[in-house]
1. Under 9 Å between Cβ atoms, at least 6 apart or on separate chains: pull out the pairs that start in the range 296-307 with a residue that is within 11 Å of Ala234 (Cα to Cα) and end on any residue that is exposed (fewer than 14 other Cβ atoms within 10 Å of the Cβ).
2. Based on this model, can you work out whether Ala145 counts as touching a strand residue (DSSP E or B) at 6+ places or on another chain (Cβ under 7 Å), assigned by TED's automatic domain parsing to the domain that holds Pro186, at pLDDT 90 or above and surrounded by fewer than 18 Cβ atoms within 10 Å (Cβ to Cβ)?
3. Assess whether Ile76 counts as being β-branched (Val, Ile, Thr) and under 24 Å from the mean Cα position of the chain (by Cα).
4. Scan the range 177-193 for residues that are free of Cβ contacts under 8 Å to residues at least 40 places away in the same chain and under 27 Å from the mean Cα position of the chain (by Cα) and jot them down.
5. Among the listed residues Glu545, Glu498, Glu520, which satisfies the condition of being among the charged types (D, E, K, R) and touching a Leu at 6+ places or on another chain (Cβ under 7 Å)?
6. Out of the helices (runs of 4 or more DSSP H) lying entirely within the range 518-600, which hold 3 or more residues that are at pLDDT 90 or above?
7. Return the pair list, or none, for Cβ contacts closer than 8 Å from residues in the range 498-519 that are assigned by TED's automatic domain parsing to the domain that holds Gln487 and over 21 Å from Phe563 (Cβ atoms) to residues that are among the hydroxyl-bearing types (Ser, Thr, Tyr) and part of a helix (DSSP H, G or I), at least 6 apart or on different chains.
8. Restrict the check to the range 333-341 and report whether at least one residue is basic (Lys, Arg), over 35 Å from the mean Cα position of the chain (by Cα) and modelled with pLDDT of 90 or more.
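The values are calculated or read from the model by the stated rules, or taken from the named source; none is laboratory data. Since this is a predicted model, take the numbers as computed values, not measurements. For neighbour counting, all protein chains shown are included, and Cβ atoms are generated from backbone atoms with ideal geometry for every residue, glycine included.
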Amino acid sequence: MSLQVEGDGRAQVDLTFIDVKYSVQVNKEMKPILHGVSGAVNSGQMLCVLGPSGSGKTSLIHIIASKITNSKGKEISGAVKCNQMQLTSSQFTRISGLVTQEDCFNAALTVKETLYFAAKLRLTSQQSERIDKVVAMLQLEKCLATYVGDDANPYLKGISGGEKRRLAIAVEILDPDISLLVLDEPTSGLDAASALNISNLLRTLADMGIGVVATIHQPRSTIVQQFENLMVLAEGRRVFYGPVGTYLPYLQGDLKCEVPMHENPYDFLLDVLNPLVRAMSAVPMKVLPEGDDDVEKILGQIFDKSSLCQRMKVALSDPGTADGSQLLKGRKGRVGWCQKFFTILHLTVLVKMRDPMVMMTQMTSALMFGVIFGTLYWQTYDKAKDFAILDTQMALMMTTLMAIWMPFDVTLTFPKERQIFLRERKAGNYTTSAFYFARISADMPMHILAAATMAAIVWPMAGLQMGFGTWILVNVMAILVGASIMQMVGAVSKTFEEANILIMLIMMMSMVMSTTFLREVPSFLVWMREISIMGLVGDLAAYLEFRDMDPKHGVTEQVLADFAIRIRDDDDMYKAFAIVAAIYVICRLVTFLAVKFMHTGRSYSENWAD
């Protein structure tokens, strides 16, 4: 088949996967998941992959889509080619779309907004026109203004399951260059009518020249009939592969079984592959021996020896005339880094603004603790001399400490958003750097506002002597470095529970190591005091407050010594600022590296490329 451009400008792509084997490490041993599976789907055709749970359908789909690759604990062999050309993971994502079982969307966005941001990340021009075309194609007009929603959140109900599945397909085909669509159980969880509607839409896309590979868990006859070819897997082995029209003759001829008129022939074979159902089956296969041992292996061997298998082997071995060298040429330009950065920034800010809990928590905390600390430490210098300095130091420490703790919600950032990020990065929608810088930039305005608000309340109520602007800057510095530490912990942790335990340990140790709470520390923990962020910020605030104090409250040098404040002069102050800045930079760097390389399920080389 020669390469040509159709419709939107997409190229015809013939996909073949030959002798794909896949094993995973379980208890130091490699467990085989796929045993040399081969198949193909040509441009404009559809391949349906059936099989019971645990048959390897999802693994095969993810290997085809380059979502699973060779890495530690995973071994893959065989070849996946497009027009007889083996593509890299990034190259494959340029011509294909992947729809997984889980619909990963921002629940707080409407359908229209979801498509808008997806188009901004994928298309350089004609975004509105493409959205309108895809919306009409996927029949999403009625739910454009509806939030995507989250079924687990009773306060954020949104579109139906069928609409979510159509939205997932719509997002993948926004790029008019998409030539292949790979779907993992697109009809699961849907009612019969919605499932049939999805299959009809896939048929429409195939008729436009897009190759479709889809797994289906519970096949309906009218759905399977939409596909040209059918593959049935059992424990990672092919027990059938061929045109849909050859399926029933294969059952009746090679497997010597009669399917009852009232029974779905596709369910029949899946029932035979289910041990519990097979034991009660009234129509056993005559080719199977007594007992249930190795049924999948026996059926796989029968298919391998069949004439149908030999015909399919011949078809797979035909290289055709497709020109693989031209496959990626002529593709439309990719969206630039800056556009992706501002798109993600816009999206993140919009989602945060629609999450009143996050906004109200920080601002409410700032107002509440500002009033509480201002009241507790009201006009500290008017108190008795013995208590004035001590209470002022405590006012400074408690306010800056709370500023560091205030952005605790950002610990959730990466454990919560990792799934969406990994899906989008894998699809080539944006790089780690664009996501990372946009994400942390979206948090900064609220953090700065919250810290400034609390500081502005405490300053006049406590009667602090340092400059108002200086006090605001100290608290802004505190909240920003606190957020950097918390986001770092969230990034290196796989779950929020892990992050919560780790951040509590780090922050509590930082707090108790400050001079306000512990005057002397064991010699082996001196290093910890030197990098205690709460101690550093608290001592900075104390030095700035007391260095030009009124003589009636005492001599500055004596006060700094009496209250164990480590910063005694401007040189110490600059050194402390440098340490705080270094902690901030290091935390941001570690966060970026953790987001890029950790908990991704991919090899180092794949993560480096993105």
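1. From the range 296-307, the pairs are Ile298/Val287; Ile298/Pro289; Leu299/Val287.
2. Considered against the rule, which asks whether it is touching a strand residue (DSSP E or B) at 6+ places or on another chain (Cβ under 7 Å), assigned by TED's automatic domain parsing to the domain that holds Pro186, at pLDDT 90 or above and surrounded by fewer than 18 Cβ atoms within 10 Å (Cβ to Cβ), Ala145 comes out as yes.
3. Criteria met by Ile76.
4. Going through the range 177-193, the residues free of Cβ contacts under 8 Å to residues at least 40 places away in the same chain turn out to be 187, 189-193.
Passing the criteria: Thr187, Gly189, Leu190.
5. Working: Glu498 fails: touching a Leu at 6+ places or on another chain (Cβ under 7 Å); Glu520 fails: touching a Leu at 6+ places or on another chain (Cβ under 7 Å).
So the residue among Glu545, Glu498, Glu520 that is among the charged types (D, E, K, R) and touching a Leu at 6+ places or on another chain (Cβ under 7 Å) is Glu545.
6. Working: elements: 526-530, 533-546, 556-562, 570-597.
Where helices (runs of 4 or more DSSP H) fall fully within the range 518-600 and carry at least 3 residues being at pLDDT 90 or above, they are 533-546, 570-597.
7. Within 8 Å, the pairs are Ala499/Thr411; Asn500/Thr411; Ile503/Thr411.
8. no
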